[in-house]
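Note sheet for the following structure.
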Amino acid sequence: MKKEEKAAIKHRVITMLDRQEVDFLDKLGKDALFSTGKKLTHNDILKTLVNLARELGLSGEDIDSPETLKKILYELSRNNLDKEFKAMTQEKKEAEDEKSTP
């Protein structure tokens with residue numbers, strides 16, 4: 001088997017969450033179960049959040065507290081949504097222009 005074909009090595013991460021945080025993860029997973037038939041595990045939820053942060057381009061630069069991390073995540077999310085909205089608006093405009101030209 002080539003190196004590229006090897007499965008990614010998984011690492012166990014232990015986290016300390018308070019009761020409200022655990023309850024939130026439980027509710028999120030159960031809501032998914034009742035609405036889709038598939039329960040999201042705590043692991044599924046946390047992995048998805050980590051991958052989203054990576055896709056948004058989050059780095060550790062200038063992050064000195066959880067509050068700063070939260071602020072930067074909001075900014076990255078908002079910027080990404082703004083880009084997507086502009087792209088959708090542009091596509092819609094181009095489609096309308098194509099329809100109006102004979």
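Computed from the coordinates by the stated procedures, all read-outs in this text should not be read as laboratory data. Values in this document were obtained by computation on a predicted structure and should not be read as measured data. A quick note on method: Cβ atoms are made from the backbone with ideal geometry, for glycine too, and the neighbour counts reach across all protein chains shown.
Of the options Ser77, Met88, Pro66, report the single residue whose Cα projects farthest towards the positive end of the charge dipole of region 61-102 (beta-carbon charges: Lys, Arg +1; Asp, Glu -1).
In region 61-102, that residue is Met88.
Given the chain, report the % of alpha carbon pairs whose separation exceeds 21 Å. Working shown, then result.
On the way: 3202 of 5151 pairs.
Percent of Cα pairs beyond 21 Å in the chain: 62.
Apply the Karplus parameterisation 6.51 cos²θ - 1.76 cosθ + 1.60, with θ equal to phi minus 60°, to every residue of region 71-77 and state each ³J(HN,Hα) to the nearest whole Hz, in sequence, with x for glycine and proline.
Karplus values, whole Hz, x for Gly and Pro: 4, 5, 4, 4, 4, 4, 5.
Quickly estimate the mean residue ellipticity at 222 nm for the chain, helices only: each DSSP H run with n ≥ 4 gives -39500 (n - 2.57), and the total goes over all residues, rounded to 500.
Working: 3 runs with 68 residues, N = 102.
Here the helix-only value at 222 nm equals -23500 deg cm²/dmol.
Quick one: what are the phi-derived ³J(HN,Hα) couplings along region 91-100, Karplus 6.51/-1.76/1.60 with θ = phi - 60°, whole Hz, x for glycine and proline?
Couplings: 4, 5, 5, 5, 5, 5, 5, 5, 5, 7 Hz.
Which entries of Lys10/Lys39; Lys30/Lys71; Lys30/Lys83; Lys38/Lys71; Lys27/Lys70; Lys27/Lys47 show an alpha-carbon separation above 24 angstrom in the structure shown?
Details: Lys10/Lys39 21 Å; Lys30/Lys71 28 Å; Lys30/Lys83 32 Å; Lys38/Lys71 31 Å; Lys27/Lys70 21 Å; Lys27/Lys47 17 Å.
Violating the 24 Å Cα-Cα cut-off are Lys30/Lys71; Lys30/Lys83; Lys38/Lys71.
Using 0.36 nm per residue, how much length does the chain from Leu46 to Arg78 gain when fully extended, once their Cα-Cα distance is taken away? Walk me through the numbers before you get to the answer.
Values: separation 32, 0.36 × 32 = 11.52 nm, distance 2.04 nm.
Result for the pair: 9.5 nm of gain on full extension.
May I ask you to evaluate 6.51 cos²θ - 1.76 cosθ + 1.60, the Karplus curve with θ = phi - 60°, for each residue of region 45-61 and list the ³J(HN,Hα) values in order in whole Hz, giving x for glycine and proline?
5, 5, 4, 5, 5, 5, 5, 4, 4, 5, 5, 6, x, 5, 10, x, 5
Note down the relative contact order for the chain as a percent, whole number, built from C-alpha pairs under 8 angstrom at least six residues apart.
Values: 27 pairs, mean separation 13.3, N = 102.
Reported as a whole number, the value is 13 percent.
Multiply the residue gap between Phe24 and Lys38 by 0.36 nm, knock off their C-alpha separation, and tell me the result in nm, one decimal place. Display every interim value, and only then the final one.
Details: separation 14, 0.36 × 14 = 5.04 nm, distance 1.69 nm.
Stretched fully, the Phe24-Lys38 segment lengthens by 3.4 nm.
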